[in-house]
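K.L.:
Supplied in structure tokens, the structure appears directly below.
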Amino acid sequence: IEMQKTLKSRRYTQVPQLSASRNTKLQEEPFSVWNPVNKSGRSRALLISINYFGSKGQLNGCINDVHMIKNFLASQGFSNKKTDMRVLTDDGKNDGMPTG
């Protein structure tokens, strides 16, 4: 909910999709980028953006979105070192290609 408020206050019109390795009850728990079960453990993020360049279903803005999420995570204290956060985009300008 807090993330939605933050994005709305900054006039973002779309809310990114959240994927987690555990059941997340956003309506009942405060949002955090940190694992509430193991706060002292190492956290990693894999951010993937696919625009499908040159295809019939080409999308626009996905790469910008993934960089906005990267900046949001960093603003919450998440490490953006390559050992902790990887960004895969299909323009070939980041940490690798998300598709083969």
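K.L.:
Please give the residues of the stretch 53-78, grouped as numeric ranges, whose backbone N is less than 12 Å from a label point set 7 Å along the Cα-to-Cβ vector of K93.
P.N.:
Of the residues in the stretch 53-78, 61-65, 67 have backbone N under 12 Å from the label point off K93.
K.L.:
Oh, and also: Please report the carbon-and-sulfur percent of the accessible area for the stretch 46-100; probe 1.4 Å, protein heavy atoms only, DNA, RNA and ligands left out.
P.N.:
52 percent
K.L.:
So, one more: Which order, highest average first, do 93-99, 43-49 follow once you tally other Cβ atoms within 10 Å for each residue and take the mean per peptide? Don't skip to the answer; put the middle values down first.
P.N.:
Working: 93-99: 12.3, 43-49: 15.4.
So the peptides 93-99, 43-49, ranked by packing, come out 43-49, 93-99.
K.L.:
Please report the net charge: other residues with Cβ closer than 14 Å to the Cβ of G54, K and R +1, D and E -1.
P.N.:
Overall, the nearby charge balance is -1.
K.L.:
List the residues, sorted by chain then number, that are 5 or more residues from L59 or on another chain and whose placed amide H is less than 5 Å from its amide H.
P.N.:
Correct list: Y52.
K.L.:
Next up: Scan around A45 for amide H atoms under 5 Å from its own, H built in the peptide plane at 1.01 Å from N, and keep only partners 5 or more places away or cross-chain.
P.N.:
So A45 has HN proximity to M85, R86.
The values are calculated or read from the model by the stated rules, or taken from the named source; none is laboratory data. Keep in mind the model is a prediction, meaning the values are calculated, not measured. Cβ sites come from the backbone with ideal geometry, for glycine too, and all protein chains shown count toward neighbours. For accessibility, only protein heavy atoms count, side chains too; no ligands or nucleic acids. Shrake-Rupley method; radii C 1.70, N 1.55, O 1.52, S 1.80 Å.
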